[in-house]
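Please read the structure below before turning to the comments.
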Amino acid sequence: MNSGQTLSRFLRESTGQNTLAGTPLASVLEAFSGAAVRLSSQVSQGRQLLSTAATSYNASGEAQQALDLRANQLFISALKESGLCRTLASEESQELLTLNKDAPYLIAIDPLDGSTNAESNLPMGSIFSVYQAPAKEDISKMPFPAGKEQIAAGYFLYGPATMLVFTAGHGVHGFTLDRTTQEFHLSHPGLKIPHAGSFYSINEGYYSLFCQGTKRFIHYCQYPDYETGRPFSSRYSGALVADLHRILLDGGIFLYPASSKYPQGKLRLLYECQPLALIIEQAGGRATNGTMRILDLQAANQHQRTPLLTGSASLVTLAGKIIHPAL
Ligand code: AHM
Ligand code: MG
């Protein structure tokens, strides 16, 4: 894999171990990247800073901003045009959508993650997940299988630069958007998360709402210890994609645990936690809900929430033991 190679070339020309090139899955990734390039340029135009009023509410009861709806539309039309997405689950659509009858893939997306950052001009992201559609689908049931059945997953990070990080089950690759050419270039081939790390990422404002186990783990992160490099540094941006990206590159742990405000956690299993769990596992890390592997879970409905602990393998294992010592 050539560092600097463009995404279009990577998706169209087979070289070495790249078995993705020219496949229908590569066309889905092209559709995602086309929509994300458009979204990235809209985010950088700054219209969200001029008018931020919420226009409606999504299935989780959260305010939708114009940018959330725009992002949803961009991904839906790109996927529809690809002809490859049978069923779409989106954070911003109440119900499952059928885009192309008999198409080969089921797709789940969070079109604009961390959109409350929009009005502060802070990072945001988009998350996606791809499954093979079953031969026959019982439309009365949730068609999405357990997270470990994902055939690809990725995220776009709209930060100072726009990045795509994805896996199609053979390692994790990071591409960076060159704004002048509007092309993604391979900047982070074969990403691996450090086995340990010194960042922890959690909304500590909810401290009093956490269970004793989560409070114990926060104390662990804060307690000085030369050997493990503690106290760890705390980082929390309010955009999962941005926080997780730092953890992927530098090591550490991201937690969005259960609290008395969100007894099931806040993040959604299907289109936030499972795609990110696949990326983190492919990079050598771990992702659990505290006791169970995220990729072993199957969403009972598309907006189901789950607690999430993810990042460096050693820290996620330790956090599970500290938070749930009896298990
Ligand atoms: P969103 O997809 O509606 O933006 O919600 C998910 C976001 C995550 O990006 C972030 O980690 C979390 O919500 C922040 O929530 P909180 O403000 O409760 O910490
Ligand atoms: Mg989100």
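The values are calculated or read from the model by the stated rules, or taken from the named source; none is laboratory data. Please read all numbers here as calculations on a predicted model, not as lab measurements. As a convention, Cβ positions derive from the backbone with ideal geometry for all residues, glycine included, and neighbour counts pool all protein chains shown.
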Residues of the range 178-202 being in contact with a Gly (Cβ under 8 Å, 6 or more places away or on another chain) and part of a loop (DSSP other than H, G, I, E, B), which ones?
Pro189, Gly190, Leu191, Lys192, Ile193, Pro194, His195, Ala196, Gly197, Ser198
For the range 163-213, which residues satisfy the criterion of being surrounded by 16 or more Cβ atoms within 10 Å (Cβ to Cβ), away from ligand 2 (no atom under 16 Å from the Cβ) and of a type in the set (S, T, N, Q)?
Thr167, Thr176, Ser187, Ser198
Identity of the residue in the range 88-109, more than 13 Å from ligand 1 (Cβ to nearest atom) and assigned to a strand (DSSP E or B), that ends up farthest from the chain's Cα centre (by Cα):
Thr98
I'd like to verify a number: residues in the range 63-75 that are in contact with a Ser or Thr (Cβ under 9 Å, 6 or more places away or on another chain) and closer than 13 Å to Ser93 by Cβ, how many?
6
Restricted to the range 65-93, and to residues that are among the polar types (S, T, N, Q) and in contact (Cβ under 8 Å) with a residue 40 or more places away in the chain, which residue is surrounded by the most Cβ atoms within 10 Å (Cβ to Cβ)?
Ser90
Can Ile294 be described as over 18 Å from Pro194 (Cβ atoms), more than 13 Å from ligand 2 (Cβ to nearest atom), among the hydrophobic types (A, V, I, L, M, F, W, C) and touching a residue at least 24 places away in the same chain (Cβ under 8 Å)?
yes
Among (1) touching a residue at least 24 places away in the same chain (Cβ under 8 Å); (2) surrounded by 15 or more Cβ atoms within 10 Å (Cβ to Cβ), where does Glu281 come up short?
(1)
From the set of residues in the range 26-64 that are assigned to a helix (DSSP H, G or I) and modelled with pLDDT under 80, which is surrounded by the most Cβ atoms within 10 Å (Cβ to Cβ)?
Gln48
Which of the residues that make up the range 229-286 are of a type in the set (Ser, Thr, Tyr) and within 16 Å of ligand 2 (Cβ to nearest atom)?
Tyr236, Ser237, Tyr256, Tyr262, Tyr271
Among the residues of the range 252-278 satisfying the criterion of being basic (Lys, Arg) and surrounded by fewer than 22 Cβ atoms within 10 Å (Cβ to Cβ), which is farthest from Ser126 (Cα to Cα)?
Lys261
Considering only residues that are basic (Lys, Arg) and either within 16 Å of ligand 2 (Cβ to nearest atom) or farther than 22 Å from Ala299 by Cα (or both), which ones fall in the range 102-144?
none
Only one of Leu112, Leu164 is more than 16 Å from ligand 1 (Cβ to nearest atom) and not in a loop (DSSP other than H, G, I, E, B), namely Leu164
Can you work out which of the residues in the range 100-159 that are of a type in the set (D, E, K, R) and over 16 Å from Ile76 (Cα atoms) is surrounded by the fewest Cβ atoms within 10 Å (Cβ to Cβ)?
Lys136
